[in-house]
Each structure stands twice: as C-alpha cells, then as structure tokens.
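The values are calculated or read from the model by the stated rules, or taken from the named source; none is laboratory data. Please read these numbers as outputs of a predicted model, since none were measured by experiment. Backbone-built Cβ (ideal geometry, glycine too); neighbour counts: all protein chains shown.
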Amino acid sequence: MDFELPEELNMLKDMAYKFAVNELGPMSQECDREEKYTPEIVKKAAENGLVGPWVPEEYGGAGAGMLGNCIITEQLSRVDMGIGLNIGAATFGCEAIYFYGTEEQKRQWITPVCEGKMISAGAYTEPDAGTDVAGYRTRAVKDGDDYVITGNKMFITNGSVCDFYVVQTITHPDEKRHNRFSQIIVPANTPGITRTKIHGKMGIRSSDTAEVSFEEVRVPQTNLLGAETKGFYQLMHFFDTTRPMVAAQGLGLSQGCLDHSVRYAKERQVFGAPLGSFQITLAKLTEMAIRIEALRGLVYKAALLIDEDRPDYTLAAMAKYLSGQTAVFCANLAVELHGGYGYIDEYPVQKFYRDAKILELYEGTKEAEIMTIGRYLLTR
Ligand SMILES: Cc1cc2nc3c(=O)[nH]c(=O)nc-3n(C[C@H](O)[C@H](O)[C@H](O)COP(=O)(O)OP(=O)(O)OC[C@H]3O[C@@H](n4cnc5c(N)ncnc54)[C@H](O)[C@@H]3O)c2cc1C
C-alpha cells in the first residue's frame, strides 16, 4: 500500500493546476456572470492533453486512467468547477462508447473529442424522470435500417453545444422494466432535434445545460451502442465509473475554498490582529482540511480501483456522497470566513457556494447515493 502519487501523476497535477490558474482564473467571473460557455477553452485544454485523459492513447487520450482524470478534474475545479466541467464533460457519454462501442464507433466518436474537434453529451434524464432511471420514456422504433427516436431529454450538460448525444431510449417496450432500454449515438445535426439552452442556473453557470427534444429523429441502426435491451445496465455502469470524477469536482472545489480561506485569514485584520490568529478561525480551517483529506483518500482509492480493474462501485458512491457534503460544508465556511466580502462577487467564494450544491443533485442525487450504499450494506 503506497499513498504517494507516482511522479507522472504529480507532474500532471502541477500542469493541470497551472492551466487552471492561468487559463480558467481570468475568465471565471465573466463566464459566471454572463452564463458564457467558451469552446476555446476546451480546445486549448485538448491541446494540453486535458480532455479525455482517461481515454487510452490508441483512441487519442492521455492514457492517464481514472485516477489521472480525477487529479485533473480536482485541479481545474479548485479554480472554477463550471469551466472545469466544460473540459471534463467534453467526453460525457464517451465512457459508454468506450465500454460498449465497436472499434469503429470508438475511433469515429471518442478520438475527435480528445482532439478538441467534437463535444459529446449523455442524454438520459427526462422532464418527468431523473432518479427513476427506468422511468424514461423516449422511444426508438425500428424502420428499415434506421431507428426513429421521439422523446424529450432534460438538463443535458453540453446539450446545446455538443456534436453528438448518447441517448437512452426504449427499444423494447414489452420487455421487463429494466430490459426495455438501448443506447443510441445520435449526431446533433440530425433533423428533428431541437435544443434549448437552460438559463438561470444557480451555479456552474459557465457550463452549458439544455433541454433537448427528439421529434422523429432518424439514425442508422449501426449507431446502436452495445446490445439492444442492455441500455439500463450500461447506464448504471456509466454512473458507477464516472462518479469518482464527479466526486473529484467536489474535492477540487473544497480545496479551492480552503485555499481562499487560508489566504484571507492571513490578510484580513480584525480587532487589530490577523483573522487567522483567532481560534474560531483555526477551527473552521481545520474542519475543512480534515474533511478534504478524508475525501481525497476516498476519491483516489475509488478511481485507482477502477484503473486496477477491481472497481468498488459502493466506494465510488460513497466518494460522490461525501464530495457533495464536503463541498457544501467548505463553501459555507469559506463565505463565513470572508464576512460581507464573501457575499459579493469581488471574491470567488460566493461562486463556490453556488457551484457546490449541484454536487448533491446531478449524476445521482445524494438520496440516490444513499440508496445505492444502503442496498449494498443490506445485501453484501
Ligand atoms: C446542471 C445540471 C446538469 C445535469 N447534467 C445532466 C446530463 O448531462 N445528463 C443527464 O442525463 N442528466 C443531467 N442532469 C440531471 C440530473 O442528473 C437530475 O436532475 C438528477 O438525477 C435528479 O433528477 P430529477 O431532477 O428528475 O429529480 P427527481 O428524480 O424528481 O428527484 C426529486 C427529489 O426526490 C428525491 N427522490 C427521488 N427518488 C427517491 C426515492 N426513491 N426515495 C427518496 N427520495 C427520492 C431526489 O433525491 C430529489 O431530492 C443535470 C442536472 C443539472 C441540474
């Protein structure tokens, strides 16, 4: 058992943090205020090997595994979790293509994303069903050599900017509840697709989120991902493997809160002394630091086990759950430590506070994580 990161991952970590400070930092406030998605930053990140770092080199990625992916996500989120998401989620959905796609599909869809030439999106959630993954209603009906897809997808990250979607559809309505689904790759320029950007998000406002409707959208049956009727299980596997990355977002955001808080505690004078010289301040910083370190252990372990081909998906759910809690906790304390200045956008902690909450909502709500972990405890 070795808790030290290998040298190459330490170098990756330093490089990703420098990229975040130099490239994400200067645009952070404007992108947040104006809900601005910036494709240029994704291209620049791709040039630096930061898009799809988990993708093996033969398909255009950096071959850094899930641990490398988490380390990069952590460092980007330490500066701006929303813009970091634009980079991290550029490959969203490609995980399923990597696991279940044909050789041709992998080269056609994953490689251009890693090169910064395309953006993907995973279109699963629907207006009437999110947590209830088996409750989705979008239909794909066979017609000749095609599928014809009709339905609505909600809250899709990259939904209005992506080049293709991995769509969860019902192809076998008469099968048992969980066996009705299949995943299909749908190019975004296919006739019948309407995408509507969602405005007014509380946080991660620089990321693109959209409602996407499919009205008799026709794609060849060769766009099927894996086997028919396996879509539900493929999606569960997708969530299991991407959870450590989402947990790494919360890890980075929490670390960012601590970074800003320590800096402010040294700078700010209260009652004629630095804020950091008061024990209540130390208690807050200490609580943050301990929770972050515990979270880091959980996230890295969950990621490493995936890389070592002995995944522990309950651990991944635990990491995701703790990540949301830690991020909300640290962001709250960071705002408190900044006093009134924490409440205005001269300091980034108010943005961290708004960004943090999504970690308890997307990629499985915290209640969904509790169900996953709880079921495991009762059945192991
Ligand atoms: C910014 C953003 C980005 C997103 N990106 C994507 C994306 O890229 N792709 C995608 O497909 N989706 C995406 N989502 C959707 C997200 O994953 C869902 O919003 C989430 O899964 C919750 O679904 P819901 O909103 O329908 O809530 P619901 O499922 O309606 O849940 C409402 C509440 O009920 C609780 N609940 C549900 N079932 C139970 C139960 N059995 N027991 C107790 N409590 C329960 C939930 O935990 C929640 O508190 C995104 C959402 C947002 C806000």
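Brief remarks on what is shown
- Flag for PRO127 being of a type outside the set (Gly, Ala, Ser), surrounded by fewer than 21 Cβ atoms within 10 Å (Cβ to Cβ) and within 15 Å of the ligand (Cβ to nearest atom): yes
- Per the conditions (1) modelled with pLDDT under 95; (2) within 17 Å of TYR300 (Cα to Cα); (3) under 18 Å from the mean Cα position of the chain (by Cα), the sole criterion not satisfied by GLU74 is (1).
- Checklist (1) more than 16 Å from the ligand (Cβ to nearest atom); (2) farther than 30 Å from VAL262 by Cα applied to ILE170, failing item: (1)
- Residue that is within 22 Å of the chain's Cα centre (by Cα) and surrounded by fewer than 16 Cβ atoms within 10 Å (Cβ to Cβ), where the choices are GLU308, GLU287, GLU267: GLU308
- Residue within region 289-302 that is within 16 Å of the ligand (Cβ to nearest atom), at pLDDT 95 or above and touching a helix residue (DSSP H, G or I) at 6+ places or on another chain (Cβ under 8 Å) present: no
- Scanning region 142-155 for residues that are in contact with an Asp or Glu (Cβ under 9 Å, 6 or more places away or on another chain) and closer than 22 Å to VAL219 by Cβ turns up VAL148, ILE149, THR150, GLY151, ASN152, LYS153, MET154.
- Of the numbered criteria (1) within 13 Å of the ligand (Cβ to nearest atom); (2) not in a helix (DSSP H, G or I), the one THR372 fails is (2).
- Picking from residues in region 2-36 that are small (Gly, Ala, Ser) and touching a helix residue (DSSP H, G or I) at 6+ places or on another chain (Cβ under 6 Å), the one that is nearest to MET81 (Cα to Cα) is ALA20.
- Region 91-112, subset within 16 Å of the ligand (Cβ to nearest atom) and either part of a loop (DSSP other than H, G, I, E, B) or in the same structural domain as VAL167 (by TED's automatic domain parsing) (or both), residue surrounded by the fewest Cβ atoms within 10 Å (Cβ to Cβ): PHE92
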